[in-house]
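Input: a single structure, listed below in structure tokens.
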Amino acid sequence: MSSIKAVAESYQLFNPRAYLQNNYVPPRADFSSEDSVMCWKLRRLHETCAKGEIKGRTLVDIGSGPTIYQLLSAFEHFQEVIMTDYLEVNRQELKMWLSNEPGAFDWSPYFKHVCKLEGKGEPWKDKQKRLREHVSRVIPVDVHQPRPLGGELLSGSVDCLVSSFCLEACSPNLEAFQKALEHVIGLLKPKGHFLWIGALEESYYLAGEARLNVVPVTEDIVKKALHTAKCVVREFSTYSMTPSMKVGVDDVSGIFFVWAQKDDPK
Ligand SMILES: C[S@@+](CC[C@H](N)C(=O)[O-])C[C@H]1O[C@@H](n2cnc3c(N)ncnc32)[C@H](O)[C@@H]1O
Ligand SMILES: O=S(=O)(c1ccc2c(c1)CN[C@@H](CF)C2)N1CCSCC1
């Protein structure tokens, strides 16, 4: 029986570079076909943010890991972006990229693709510069705490949350997954937006020496969890993995994309 403490211990072996190599380096991260999962994820985020409803002052990314792709469309509509992760090694990887230090991960294929989606002919380096200017803080997070960001932000003060592959990847069971979701939603203002990407029916993934357990969730589980957390689903779409995409670094069956809004109790 895994516990939150056991999950935390398993993450001590997490290798950000191995994780990036497993999931974000072409050709596995494929931009050559619009039908690839990466293009699907970026398109969902672009099309949802292009509607113009998701905007405000503060955007917080929960469980950023060593990645920034999840913010490439949403960040444009907010004054301040705060990135978060549980591990110092991931926060350091993010800070390396934000400071454009030698050896930082190359996210240029992602910027190029999103600039193409936006169709404004903007040089991708201009967007890259803007994202670096928007991220004000990279701070610790623990979704299993009632206040996941500690005292860094007031509960109910955030306009938009983004989270990708975090909650299911750090929750030992569905009860903990539900509580973590409710802790995270507690950061949002009423009517605040939640852009959530996650793994469907995944039970493990690898990141170097680390083998991380994942609580398997289905579309129905995710929808019910959002309802219990008093969120209204605006959009829910899924992507099914092809057998060729299963290369042993995880056993994910599919991906979900959610745009949800926190209920207004008034
Ligand atoms: C699969 S990675 C997701 C990374 C990135 N968001 C992405 O889209 O690839 C899961 C992340 O959850 C973080 N994590 C682990 N335990 C956590 C906790 N208790 N609270 C918040 N994040 C946690 C890990 O450090 C890791 O960066
Ligand atoms: O975007 S993905 O669908 C993706 C991206 C990241 C992850 C997973 C899947 C599944 N395991 C997660 C562990 F929590 C991390 N993708 C998987 C195929 S290759 C390109 C990356």
Is the shape of region 1-76 rounded, prolate or oblate, going by the alpha carbon gyration tensor and its root eigenvalues a ≥ b ≥ c, with a/c under 1.5 for rounded and a/b larger than b/c for prolate? oblate
Final fewest-first order of MET38, MET245, MET96 on the 10 Å Cβ neighbour count is MET245, MET96, MET38
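Please arrange PHE194, PHE257, PHE177 by counting, for each residue, the other beta carbons lying within 10 Å of its beta carbon, fewest first.
Working: PHE194 27, PHE257 20, PHE177 23.
If I rank by nearby Cβ atoms, fewest first, I get PHE257, PHE177, PHE194.
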ASP263 long-range amide H proximity, modeled H, under 5 Å: LYS191, CYS231, VAL232
Where a Cα-Cα gap under 26 Å defines reach, which lysines qualify for LYS129, not counting those fewer than 8 residues away within the same chain? LYS41, LYS51, LYS55, LYS95, LYS112, LYS116, LYS120
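Label region 51-141 by shape, choosing from rounded, prolate and oblate, from the square roots a ≥ b ≥ c of the eigenvalues of the Cα gyration tensor; if a/c is under 1.5 it is rounded, and otherwise prolate applies when a/b is larger than b/c, oblate when it is not. Before the final figure, lay out each step's value.
Details: a/c = 2.07, a/b = 1.24, b/c = 1.67.
Judged from the Cα gyration tensor, region 51-141 comes out oblate (a/c at least 1.5, b/c at or above a/b).
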Please report the equivalent ellipsoid semi-axes of the chain, computed as sqrt(5 x eigenvalue) of the Cα gyration tensor, largest first, in whole Å. 24, 23, 19
Note down the relative contact order for the chain as a percent, whole number, built from C-alpha pairs under 8 angstrom at least six residues apart. 21 percent
For region 130-266: lysine pairs under 21 Å (alpha-carbon distance), excluding those fewer than 8 apart on one chain: 20
How big is region 121-202 along each principal axis, measuring the range of its Cα positions in Å and listing the largest first? 45, 32, 25
Zero-based 5 Å bins, Cα pair distances in region 151-196, whole percents: 5, 22, 28, 23, 17, 5
Listing THR67, THR238 from the residue with the fewest other Cβ atoms within 10 Å to the one with the most, what is the order? THR238, THR67
Give the residue list of trypsin sites (Lys or Arg not before Pro) in region 78-135 that are DSSP loop and have at most 14 other beta-carbon atoms within 10 angstrom. LYS120
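Taken together, the values in this text are just the output of simple stated rules run on the coordinates, not laboratory data. This structure is a prediction, so every number in the text was calculated from the model and none was measured. Positions of Cβ are backbone-derived with ideal geometry, glycine not excepted, and every protein chain shown enters the neighbour counts.
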